Amino acid sequence: MTASISDALLDWYGRNARALPWRVAPGAPMPDDPAWPYRVWLSEVMLQQTTVAAVKPYFEAFTQRWPTVEALAAAGEEEVMAAWAGLGYYSRARNLVKCAREVAARGGFPATEAELRELPGLGIYTAAAIAAIAFGRRAVVVDANVERVVARLFAIAEPLPGARKAIRDCAEAITPASRAGDFAQAMMDLGSRVCTTKAPRCLLCPLSPPCAARAAGIAESLPVKPAKKAKPERRGTAFWIERANGAGREVWLVTRPGRGMLGGMRALPDDGWSARSDGTGEAPVAGEWEPLGAVRHTFTHAHLTLAVRRGEAEPEGAGEWWPLDRLEEAGLPTLYAKAARLAIARGGWNDA
Ligand code: SF4
C-alpha cells in the first residue's frame with residue numbers, strides 16, 4: 001500500500017505541481033548549479049510560517065541582490081535585516097546571515113540531514129527538506145501540511161502534539177527511496193491545495209482510495225489540535241520625532257538591541273513595551289507629546305496596541321535622522337511601518 005500511495009501522489013504531482021522560482025519541474029534532474037542548494041535553503045527559511053504568495057517577491061529580490069550564499073555571507077547584517085523587513089519572524093533573518101557565513105566558510109552546504117542540522121536556524125524540518133529537495137536524499141519531511149495529510153490518511157486521532165511521533169512514523173513508511181524531493185513537495189502541495197484544513201477536497205484527491213479518515217467521515221476533524229490559549233494583550237507607546245532638514249523632513253529612528261523582539265531592526269523609539277506589558281507610556285526624553293492614535297499588531301505570542309505620540313524633543317542616545325521621503329528604505333518591521341503610516345497620515349510635523 002505504501003508504494004501505491006507514493007506512486008499515486010507523484011503521478012498527481014506530475015500533473016499538478018506549482019511552478020515556483022525555487023523548484024524544478026517534477027521528475028527533472030537537479031540543476032547542475034552550485035547556487036541550487038542556496039536557493040532551496042533560502043526558500044525554505046522564508047516559507048517558515050509564511051505563505052508562498054508573501055515569499056515570492058522577497059525570494060526574487062534576495063536572489064537578484066545576493067545570487068549565491070557567498071554573496072549573502074558578505075552582506076552586512078543590517079542590510080539583510082532591512083531587505084527582510086515585512087516578512088516577519090526576524091530571528092530568521094539574523095540566523096540567515098549567520099548560516100550563510102558558516103556555509104561560505106565551509107565551502108558550501110553539507111548534503112546530509114545530520115550536518116545540515118548543525119547550521120544556525122535549521123531545525124528537523126528544514127534540514128530534511130534541504131536534504132531531500134536540494135540533494136535528492138531520502139528524508140522524512142513533515143511540515144504542518146504534511147502533518148495534516150498523514151494524520152488523515154492514517155486516521156490518527158490522538159491529539160497534537162502527542163500524535164507527532166505516530167505521524168512521523170507513518171510519513172516515514174510512505175516516503176519512497178527515490179524522488180525524495182518531488183515526494184516532499186507533492187505532499188506539501190496536496191496539503192495546501194487539496195487536503196486543506198477546512199473542507200478537504202477528497203473527490204479530487206489522489207489518495208482518496210486508501211484514506212482512512214475519508215472512509216470514516218472524520219477528515220475535517222483531524223489532526224486533533226490542543227485548545228488554543230488566548231493571547232495576552234500588551235500595550236505600549238512609540239514616539240514620532242521629526243525635524244526639518246533643508247527642503248525635506250527627517251524622523252528619528254533607533255536600532256533595537258540585537259536580542260529580543262524585532263532585534264537588530266530599525267524602529268521608532270518607544271517605551272520598552274516589549275519588556276513589559278503595562279504600557280505606562282514613558283517617553284524616551286522629556287517633552288510635550290501629542291497623541292496621534294494607536295496601531296494594533298499581532299505577534300505569535302501576544303496582541304499589541306501601540307499608541308503613537310508626536311513631540312518636539314532633542315533625541316538622546318544612539319539613533320539616526322532618516323529622510324521621510326526615503327522611509328520605505330529604512331526596512332522598518334511591519335509594526336513600526338504601521339505606526340509611521342499613522343503619524344504621516346495625521347499630518348506629520350506641526351511647525352507652529
Ligand atoms: Fe485529505 Fe481527503 Fe485526500 Fe484524505 S482523501 S488525504 S482527507 S483530501
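Applying a threshold of 30 Å to the alpha-carbon distances of 165/338; 98/229; 198/231; 225/338; 98/228 flags 165/338; 98/229; 225/338; 98/228 as lying beyond it.
Suppose we keep just the DSSP beta bridges with both residues in the chain; what percent of those would be antiparallel, to 5? If I count the DSSP bridges inside the chain, around 70 percent turn out antiparallel. For the pair the stretch 1-66 / the stretch 306-344, the C-alpha centres are spaced 37 Å from each other.
If one takes the longest principal axis of the Cα atoms in the chain, at what angle in degrees, from 0 to 90 and to the nearest 10, does the Cα axis of helix 91-106 lie? Long axis of 91-106 versus the principal axis of the chain: about 70 degrees. Principal-axis analysis of the Cα atoms of the chain puts helix 52-65 at an angle of about 70° to the longest axis. Centroid-to-centroid, using Cα positions, the stretch 85-136 and the stretch 226-267 are 28 Å apart.
Its residue count N fixes a reference of 2.2 N^0.38 Å for the stretch 180-297, and the Cα radius of gyration divided by that reference is 1.85. Hey, if you put +1 on the Cβ of every Lys and Arg and -1 on every Asp and Glu Cβ in the chain, which of 51, 85, 177 ends up farthest toward the positive end of that dipole? The one lying farthest along the dipole's positive direction is 177. Considered as an equivalent ellipsoid built on the Cα gyration tensor, the stretch 228-277 has semi-axes of 29, 13, 8 Å, the largest given first.
Value of Rg to Rh for the stretch 78-197, rounded to two decimals, is 1.02; Kirkwood radius and Rg both from alpha-carbon coordinates.
For the stretch 114-253, the equivalent ellipsoid derived from the Cα gyration tensor has semi-axes of 40, 23, 16 Å, listed largest first. Compared with the dominant principal axis of the Cα atoms in the chain, helix 180-193 is inclined by about 70°.
Tell me, what is the percent relative contact order of the chain, built from C-alpha pairs under 8 Å that lie six or more residues apart?
For the chain, the relative contact order is 16 percent.
Taken along its principal axes, the alpha carbon cloud of the chain reaches lengths of 77, 46, 31 Å, longest axis first.
Dipole size of the chain about its Cα centre, with +1 on Lys/Arg Cβ and -1 on Asp/Glu Cβ: approximately 1300 debye, rounded to the nearest 20. The calculated P(r) of the stretch 21-149, using every Cα pair and 10 Å bins from 0, goes 12, 47, 36, 5, 0 in percent.
Note on the chain: with neighbouring protein chains present and a 1.4 Å probe, carbon and sulfur make up 53 percent of its accessible heavy-atom surface. Look at the dipole of the chain built from charges on Cβ: of 286, 303, 190, the Cα furthest out on the positive end belongs to 190. As an equivalent ellipsoid, the stretch 233-345 spans semi-axes of 21, 15, 14 angstrom, where each value is the square root of five times an eigenvalue of the C-alpha gyration tensor, largest first.
For the stretch 284-352, run through the trypsin sites (Lys or Arg not before Pro) and keep only the ones in DSSP coil with at most 15 other Cβ atoms within 10 Å of their Cβ. Please report the intermediate quantities before stating the final value.
Numbers: sites: 296, 309, 310, 326, 338, 341, 346; in loops: 346.
Counting only loop positions with at most 15 other Cβ atoms within 10 Å, the trypsin sites (Lys or Arg not before Pro) in the stretch 284-352 are 346.
The values are calculated or read from the model by the stated rules, or taken from the named source; none is laboratory data. Everything numeric in this text was worked out from a predicted model, so none of it was measured. Because the Cβ atoms are built from the backbone with ideal geometry, glycine has one as well, and the counts that use them run over all protein chains shown. Each accessible area value is taken on the protein alone, full model and side chains, heavy atoms only, with ligands, DNA and RNA left out. Shrake-Rupley method; radii C 1.70, N 1.55, O 1.52, S 1.80 Å.
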